[in-house]
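Scroll down for the structure; my scribbles are underneath it.
The values are calculated or read from the model by the stated rules, or taken from the named source; none is laboratory data. Bear in mind that the values here come from a model prediction, so they are computed numbers and not experimental data. Here the Cβ positions follow ideal geometry from the backbone for every residue, glycine too, while neighbour counts run over all protein chains shown. Please note that ligands, DNA and RNA were not included when accessible areas were found on the heavy atoms of the full protein model with its side chains. Shrake-Rupley method; radii C 1.70, N 1.55, O 1.52, S 1.80 Å.
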Amino acid sequence: MEKLIEFKISSQVGERIDKVITSYCEEYSRSFIQKLVKDGKVMVNDKTIKSNYRVEEQDKISFIIPEPVELDILPEKMDLDILYEDDDIIVINKGKGMVVHPAAGHYSGTIVNGLLYHCKNQLSGINGVMRPGIVHRIDKNTTGVIVACKNDKAHHFIAEQLKEHSITRKYRAIVWNALNVSSGIVDAPIGRHPMDRKKMAVNERNGKHAITHYRLLDNLAGKFAYIECQLETGRTHQIRVHMASIHHPLLGDDVYGSGKNTYKLEGQTLHAMVLGFIHPTTKEYIEFEAPLPSYFNELLGRLQK
């Protein structure tokens, strides 16, 4: 069933239309909104606009979310590490190297392919045919806990908590350079890198509000630190960008780090350990913890000697 969304602009004047819509409706990806704009399905003051349109004060934005089309992503039987499941949600401990949803170059072997098989297509359709059930994601080489939704009601309920930044998300990471403080906060907006569009960066001009809390768990071998990071917001590559911005890039991060890979790691040492939120049906707070993966524990053991 199609869904009409309408709102008036009261802030973000001068920003691109796709950026404004995704900030108002965070349950939809930016690429999804950009396609709606390109297809002429987004109206401003009852007129279609071009993709480079920048909003003005009191603009009335309206668009229709089309009815989900039949999935063309194939279900695949795989050994998902399921931490919890009920009629509304399924909580997964994602392994190293797994992609959350299909995208260019990754149309099989993703969490979504496994969920389609396991859940028999009973997944929310809000994020389109490529991301059924997916409310949030973590990077390919980040391990740990994520939640997917089996129906649109649950999806909307959890997406609203993400928008309000009320979900608990705690990560474990190993970063370069010992810390000389027990805890800290990085409060810096994150947006596209001005020179490399494939990367994110602290971007004072065009970035979105982003806050990461971190605390020291242990300094390692005189040149690394084992830390816990808690997200107050959830921007793309947030922990990786924020920690690199204060000269503590994640060990193994080949995008934002030093490029050194002494320990033959596959990407950044980052693990989504804790995820907590209000359940969409019971309305009770629930929390899940994914144990550190074996490679992470082994590396800690080597660095703590």
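In a reduced charge model with +1 at each Lys and Arg Cβ and -1 at each Asp and Glu Cβ, the chain shows a dipole moment near 1080 debye about its Cα centre. Please compute the Cα-Cα pair-distance distribution of segment 98-144 with 10 Å bins starting at 0, giving whole percents from short to long. In whole percents, the pair-distance histogram is 28, 60, 12. According to the calculation over all Cα-Cα pairs in segment 180-305, the P(r) per 10 Å bin from zero is 11, 38, 34, 15, 2 %. Full extension of the segment from K198 to K77, taken as 0.36 nm per residue of separation minus the current Cα-Cα distance, would add 40.4 nm. Charge tally around D88: other residues with Cβ under 13 Å, Lys/Arg +1 each, Asp/Glu -1 each, net -2. For the chain, with all protein chains in place and a probe radius of 1.4 Å, 48% of the accessible heavy-atom surface sits on carbon or sulfur. Considering only the Cα atoms of the chain, their convex hull presents on average a projected area of 16.3 nm². Between Y117 and K153, what FRET efficiency follows from the Cβ-Cβ distance if R0 is 25 Å, with the result rounded to 0.05? For R0 = 25 Å, the calculated efficiency reads 0.65.
Spin-label model, Y285 to I246: label points 7 Å out along the Cα-to-beta-carbon direction sit 2.4 nm apart. Summarising the label geometry, the points placed 7 Å from Cα in the beta-carbon direction at E85 and I278 lie 2.7 nm from one another. Spin-label pair I64-Y24: with each label point 7 Å from Cα along the Cα-Cβ axis, the two points sit 1.8 nm from one another. Which residue, L74, L250, L116, has the most motion in a Gaussian network model of the chain that connects Cα atoms within less than 10 Å? Among L74, L250, L116, the largest GNM mean-square fluctuation belongs to L74. Over the chain, accessible surface divided per residue gives 50 Å², non-protein components excluded, 1.4 Å probe. Largest first and in whole Å, the equivalent-ellipsoid semi-axes of segment 44-165 read 30, 16, 15, each the square root of five times a Cα gyration tensor eigenvalue. Per-residue Karplus couplings for segment 144-159, computed as 6.51 cos²θ - 1.76 cosθ + 1.60 with θ equal to phi - 60°, are listed in order as x, 7, 9, 10, 10, 10, 8, 8, 5, 4, 5, 4, 4, 5, 6, 4 Hz, Gly and Pro entered as x. If one computes P(r) from the Cα atoms of segment 262-304, what percent of pairs lie at distances over 15 Å? Beyond 15 Å sits 57 percent of the P(r) for segment 262-304. With contacts taken as Cα pairs under 8 Å at a separation of at least 6 residues, the chain carries a relative contact order of 14 percent. The slack between N297 and S258, meaning 0.36 nm per residue of separation minus the straight C-alpha distance, is 11.8 nm.
A Stokes-Einstein calculation at 25 °C with viscosity 0.890 mPa s, built on the Kirkwood radius of segment 1-90 over Cα pairs, returns a diffusion coefficient of 162 µm²/s.
Note on segment 144-253: Kirkwood radius taken over Cα pairs, Stokes-Einstein applied at 25 °C and 0.890 mPa s, translational D equal to 163 µm² s⁻¹.
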